[in-house]
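Notes for the one structure printed next.
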Amino acid sequence: MRKRDQWLAAPLGAGLAAALLSGCGSDDGTAAGTGESVVMGMSDEVVSTDPASGYDPGSWLLFNNVFQSLLSFPKGSNSPQPEAAKKCGFKDRNSTVYECVLNDGLTFSNGHALTSEDVAYSFRRTIKINDKDGPAASMLSTIKEIRTPDKKTVTFRLKRPDAPFPLKIASGAGSIVDHTEYPADRLRTDGKAVGSGRYTLDSYDKDRAVFKVNGSYKGSAVAQNSGMTLKLFHGKQDELKDALKKGDVDLAYRGLAMDDIASLEAGGSRSTLKVIQGSSAEVQHLVFNTKDPVAGKTAVRKAVAYLVDRSALVRDVYKRTAEPLYSVVPSGITAHRTPFFDVYGDRPQPDKAAGVLKDAGIKGKVKLTLWGTPIRYGPGTVPELKAIAKQLNASGLFEADVKSVPFGEYQKGIEAGQYPVYVKGWVPDYPDPDNFTAPFFGEDNGLANHYESKEISGILPATAAESSRAATDGDFSRLQQTVAQDVPVLPLWQGKQYAVANERISGLQWTLDASTVFRFWEISKGKKS
């Protein structure tokens, strides 16, 4: 997640392969939008306006609206469809050669033609810069070579089979930039952006970004507004809430407190604001350091799994703005199973926890410290850990406490192996089980918990080579079962997406899905009643 370190789903398969053979361009692309402009508030930061960096939700929100990718995720779908390309597909059975042909007449907002040279340049540039806050290492590491046999064709040769590659390049990591506007070896830092997407970035500073509808855009998105203004509240949830109530913003996305959302949902007809809920594949896990003298014992990890009450956590800490999660692959994603529910149940089982500890010869209370960080994974993280520690201690089997440190120190402590148990959150890059497993259990994974599994090490490359994502169901099911047996991580919850808006705003239901693409163009603002 890495991105955000934050760190649904129709199968890719044959259906996607067929879909990618036909273009989805629209003659509506020349329209300058309809209706009024919309003002939106967000507490996240926009870290970068350059797609070679800014691997975070705020920056990707900008990228998805200002830049085009070869493919994109249509509303309500987890299967990428042609966007800047009119057709794409693997050229071999091994999923190592991927080719796209561009639509005719594509131009950037500055009037320059968009050709295969720009596409190749964009990927090469991101890989060359390899910014620590960018997507190169996580998303584009399988690219070996990019060829452009003509102005409309681009061919990717991959180092190894990578069937999820179409989903990766449909994300913000696939943003196409004008090769004459962006330096090849360094980031653009002037706060400007030149793309070919549905919107242009008219102005940008630390508190506000103004977007206008791009009249030269050619693609599938039809703008339902005449522009968007994004106000940034820099994590100040109360200020965002007040701006929404005063009407200074039309809608709020990412950043309202859980209590505020719950209160608004319960307000019913008394409130002039409406809460729109969408699906999300954001997840949070409790991670165990398998080299730790205590947490490294499988029996200890299983005992914790028997005692954690997820339903109580999402009810009491998260005010039902999340759902209990019983696997590393969340609901709505291909191959989702519930092995932690099947093995450990959905309510605390102290007798079974005591049994596994006794069988392992572990006597006395198990002393365990749960580590967290107060902001990075949301304001509920530390209260959640305290609730988990209370659940463990209530069994009489544990003596658990909680410690919290700032994120920079937290990351260093994880990398140094100092913490026995710690929290990791994850916002996916693309809706495929690969993105919920390879970053956790593959080479150079982001968990740093020293867990190794020969079975999982065999499953991951096999699933990456399978072009039919539906055909990976059995392998990913086995992977989830293995994780539930070994418990290197304990899945806790799966998030929901929320936006809160005044009564004049509509279309938000088409912006909140597991693709994580927030589509400006779907939002409209009606007349005052």
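The values are calculated or read from the model by the stated rules, or taken from the named source; none is laboratory data. Because the structure is a prediction, the values reported are computed rather than measured. Please note: Cβ atoms are built from the backbone with ideal geometry, for glycine as well, and neighbour counts cover all protein chains shown. The area values use the complete protein model at the heavy-atom level, side chains included, leaving out ligands, DNA and RNA. Shrake-Rupley method; radii C 1.70, N 1.55, O 1.52, S 1.80 Å.
Tabulated values for the structure
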{"read-out": "Cβ-Cβ FRET estimate between residue 418 and residue 390, R0 fixed at 22 Å, reported to 0.05", "value": "0.40"}
{"read-out": "Cleavage-rule hits (GluC sites (Glu not before Pro)) in the stretch 372-446: DSSP loop, at most 16 neighbouring Cβ within 10 angstrom", "value": "443"}
{"read-out": "Rounded Å value of the spacing that divides the Cα centres of the stretch 411-482 and the stretch 31-93", "value": "25 Å"}
{"read-out": "Segments 127-140, 81-94 sorted - mean Cβ within 10 Å per residue, highest first", "value": "81-94, 127-140"}
{"read-out": "Tensor-based shape of the stretch 236-284 (alpha-carbon gyration tensor, a/c under 1.5 rounded, otherwise prolate or oblate)", "value": "oblate"}
{"read-out": "Relative contact order computed over the stretch 29-125 (Cα-Cα under 8 Å; 6+ residues apart), in percent", "value": "13 percent"}
{"read-out": "Mean residue ellipticity (222 nm) of the chain, computed from DSSP H runs ≥ 4 via -39,500 (n - 2.57), nearest 500", "value": "-7500 deg cm²/dmol"}
{"read-out": "With all protein chains modelled, accessible area of residue 159 [1.4 Å, Å²]", "value": "130 Å²"}
{"read-out": "Backbone N within the stretch 224-238 under 17 Å of label point (7 Å from residue 181 Cα along the Cβ vector)", "value": "228"}
{"read-out": "Separation of alpha-carbon centers, the stretch 154-225 and the stretch 488-510, rounded to whole Å", "value": "24 Å"}
{"read-out": "117, 522, reordered so the largest accessible area comes first (probe 1.4 Å)", "value": "117, 522"}
{"read-out": "Solvent-accessible surface ranking, highest first, for 254, 301 at 1.4 angstrom", "value": "254, 301"}
{"read-out": "Of all accessible heavy-atom area on the stretch 196-303, the percent that carbon and sulfur account for (1.4 Å)", "value": "44 percent"}
{"read-out": "Sequence-distant lysines (8 or more away, or on other chains) whose Cα lies within less than 29 Å of residue 91", "value": "75, 128, 144, 151, 152, 159, 168, 218"}
{"read-out": "Residue-level accessible surface for residue 216, protein heavy atoms, 1.4 Å, Å²", "value": "50 Å²"}
{"read-out": "The stretch 66-116, accessible surface, carbon-and-sulfur percent (1.4 angstrom probe)", "value": "44 percent"}
{"read-out": "Difference of contour (0.36 nm per residue) and Cα-Cα distance, residue 133 to residue 315", "value": "62.1 nm"}
{"read-out": "Fraction of beta bridges assigned by DSSP in the chain that are antiparallel (%, nearest 5)", "value": "75 percent"}
{"read-out": "The chain shape via C-alpha gyration tensor axes, a/c threshold 1.5", "value": "oblate"}
{"read-out": "Nearest-0.05 FRET efficiency for residue 104 and residue 236, computed from C-beta distance (R0 35 Å)", "value": "0.15"}
{"read-out": "FRET E, pair residue 45, residue 443, Förster distance 30 Å, beta-carbon r, rounded to 0.05", "value": "0.50"}
{"read-out": "Under-5 Å amide H pairs with residue 400, H placed in peptide plane, nonlocal only", "value": "368, 393"}
{"read-out": "Accessible area of the stretch 472-523 belonging to carbon and sulfur atoms, whole % at 1.4 Å probe", "value": "46 percent"}
{"read-out": "Solvent-accessible area per residue for the chain (1.4 angstrom probe, square angstrom)", "value": "40 Å²"}
{"read-out": "Ranked order, 347, 198 - accessible area, probe 1.4 Å, largest first", "value": "347, 198"}
